[in-house]
1. Output the number of residues of segment 197-222 satisfying the condition of being in a helix (DSSP H, G or I) and either hydroxyl-bearing (Ser, Thr, Tyr) or buried (at least 16 other Cβ atoms within 10 Å of the Cβ) (or both).
2. In this structure, is ARG311 more than 30 Å from ASN375 (Cα to Cα), in a helix (DSSP H, G or I), basic (Lys, Arg) and modelled with pLDDT of 95 or more?
3. Find the strands (runs of 3 or more DSSP E) located wholly in segment 447-514 whose residues include 3 or more that are among the β-branched types (Val, Ile, Thr) and more than 26 Å from GLU426 (Cβ to Cβ), and list them.
4. Of all residues in segment 8-59, how many are in contact (Cβ under 8 Å) with a residue 24 or more places away in the chain and either exposed (fewer than 12 other Cβ atoms within 10 Å of the Cβ) or not assigned by TED's automatic domain parsing to the domain that holds SER99 (or both)?
5. Inside segment 188-243, can you point out the residues that are small (Gly, Ala, Ser), modelled with pLDDT of 95 or more and over 21 Å from the mean Cα position of the chain (by Cα)?
6. Among TRP163, TRP153, which is over 30 Å from HIS453 (Cα atoms) and surrounded by 14 or more Cβ atoms within 10 Å (Cβ to Cβ)?
Amino acid sequence: MNKGHFLWVDDEIDLMKPYILFLEEKGYRSDCTTNGRDALAMCSDHHYDIVFLDEQMPGMSGLEVLNRLNVAHPYLPVVMVTRSEDEGIMEQAIGRRISDYLIKPVNPNQVLLTIRKILDQKELITGAATDSYRNAFRQISDEMERCATAADWMDLYRRLVHWELELDQASHPLSELLETQKRDANNAFGRFIRRNYEKWIINPGDHPLISPDLFRRVLFPMLGRGEKLFFILIDNFRLDQWLAVKEIVNSHYTSRDELYCSILPTATPYARNAIFAGLMPRKIAELYPDLWVDEGDERGMNLHEEELIRRQLQRLGIRKSFSYHKISSNREGERLMAHLRELQKNELNVVVFNFIDMLSHAGTESKMIRELITNDSAYRSLTRSWFMHSPLRSILEAIAADGGKVVLTTDHGAIRVKNGVKVAGERDTSVSLRYKLGRNLGYDPAKLYEILHPGNCGLPAPSISTRYIFALNNDLLAYPNNYNHWHSHFENSYQHGGVSMEEMLVPLITLTPK
């Protein structure tokens with residue numbers, strides 16, 4: 001059986017015959033030539049899995065052949081073979097996208113290892129990931145039963161996301177098993193929140209780091225040490241999305257990765273206002289009624305973010321210069337970039353990027369966008385693509401170049417919804433798919449998380465009979481009279497506001513320039 005077809009290019013090809021015979025015994029077939037011009041012609045006439053290319057040849061050099069192969073056959077793996085250990089030559093070859101290099105005299109097993117690394121990489125990764133995840137599966141399942149604190153759940157969620165990314169790299173057949181395990185974990189996490197969330201809010205000393213704590217417990221101590229900060233909030237940004245762009249960011253920064261817990265509802269009007277005010281929503285409504293807008297009001301609920309930051313600073317007696325910017329387009333990001341040097345005079349600069357939230361909403365309304373984000377892997381990929389070409393990347397690089405420090409975070413995450421749960425309500429009931437508030441709501445309490453006394457959970461109540469309900473796991477809340485329409489229209493879209501690890505356990509990253 002032919003396991004691979006190679007081209008060997010070497011002006012001393014007779015010396016390579018033992019290697020070629022060795023590979024033939026292993027099931028590989030090889031063609032040979034002694035010069036670069038013939039090699040280019042043969043690559044045009046035949047399909048090769050790998051080209052082994054001698055670096056030192058008379059006439060056309062190996063590097064020149066490599067340049068032409070990169071143009072004509074950009075995806076053809078090339079292995080450079082050389083007698084020279086000159087670092088400059090190796091750097092040139094590596095910079096021109098060689099797949100590997102070997103230094104003569106070459107050991108036949110080295111050649112075989114290189115071939116396996118190039119041709120069998122996917123199978124090797126899949127096999128290693130299979131063995132590793134099978135070992136981890138039982139451990140994760142056991143830990144799920146023992147999770148007793150928010151920190152336990154954060155650790156478990158990190159492990160699940162780690163395996164999601166590992167298996168995603170190889171389109172792994174065990175991905176479906178992991179998805180089932182994540183669903184089981186989210187069910188257990190929902191039970192944990194039901195038991196503990198109200199206690200967290202009533203007894204603040206017992207809760208983990210939550211939305212209203214971010215400025216007081218994270219930013220203000222850093223400002224107190226005289227550090228100048230950029231606080232950058234990417235709306236609707238999940239842990240897996242951060243990990244998808246982390247390597248890009250870490251080319252300029254050293255990052256310290258943490259998680260914190262978004263408050264309920266895990267939606268921008270509540271969670272982000274709580275971050276900027278340093279208060280739970282009910283307290284914002286009581287202290288600053290001019291800045292709180294109830295659901296159902298035609299005015300937007302996030303129009304006063306800059307003023308909420310100002311009042312938090314005033315309330316806590318913190319005299320620091322700050323700026324606030326909300327970025328909803330590339331043009332706005334480019335304008336911010338143009339004034340970045342001026343902004344760095346401030347002690348605190350707050351920047352909100354709305355792209356990912358806009359993407360999730362577009363995925364709800366646009367069939368074309370829905371086709372682009374059919375699963376979490378595609379959602380991560382689109383996030384990475386946006387980040388690679390967004391003003392945010394340039395802004396982060398410029399801040400790092402000037403030695404600035406960044407706290408990068410979000411207000412909440414999102415989850416891909418699948419299952420409909422029927423809820424009945426009056427005309428003025430909120431329209432959100434992952435949470436609802438209103439009077440006389442009809443629902444099965446076993447299928448969601450209900451808050452009967454909003455004040456105990458730091459939430460405002462427009463009327464004495466107002467209650468809040470939250471979807472669990474990947475459910476969506478739909479009205480019975482048009483249930484099929486709602487379910488079919490929103491199934492597999494990304495939503496937020498409810499109770500899941502993806503929505504509540506969100507990244508908090510401190511970036512220190514290298």
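1. Of the residues in segment 197-222, 13 are in a helix (DSSP H, G or I) and either hydroxyl-bearing (Ser, Thr, Tyr) or buried (at least 16 other Cβ atoms within 10 Å of the Cβ) (or both).
2. yes
3. 505-513
4. Residues meeting the conditions: 8.
5. Within segment 188-243, the subset small (Gly, Ala, Ser) is 188, 190, 205, 211, 224, 226.
Checking the rest, the ones that are also modelled with pLDDT of 95 or more come to 188, 190, 211.
Selection gives ALA188, GLY190.
6. After ruling out the rest, the residue left standing is TRP163.
Table: residues versus (1) surrounded by fewer than 17 Cβ atoms within 10 Å (Cβ to Cβ); (2) under 27 Å from the mean Cα position of the chain (by Cα).
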| residue | (1), (2) |
| --- | --- |
| SER432 | no, yes |
| TYR443 | no, no |
| CYS457 | no, no |
| ALA461 | no, no |
| ARG467 | no, no |
| GLY498 | no, yes |
| PRO513 | yes, yes |
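Each row is one residue, and each column tells you yes or no for (1) surrounded by fewer than 20 Cβ atoms within 10 Å (Cβ to Cβ); (2) assigned by TED's automatic domain parsing to the domain that holds LYS326; (3) touching a strand residue (DSSP E or B) at 6+ places or on another chain (Cβ under 9 Å).
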residue: GLY224; (1), (2), (3): yes, yes, no
residue: TRP242; (1), (2), (3): no, yes, yes
residue: SER255; (1), (2), (3): yes, yes, yes
residue: THR268; (1), (2), (3): no, yes, no
residue: ILE284; (1), (2), (3): no, yes, no
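The values are calculated or read from the model by the stated rules, or taken from the named source; none is laboratory data. What you are looking at is a predicted structure, and each value in this text was computed from that prediction instead of being measured. Positions of Cβ are backbone-derived with ideal geometry, glycine not excepted, and every protein chain shown enters the neighbour counts.
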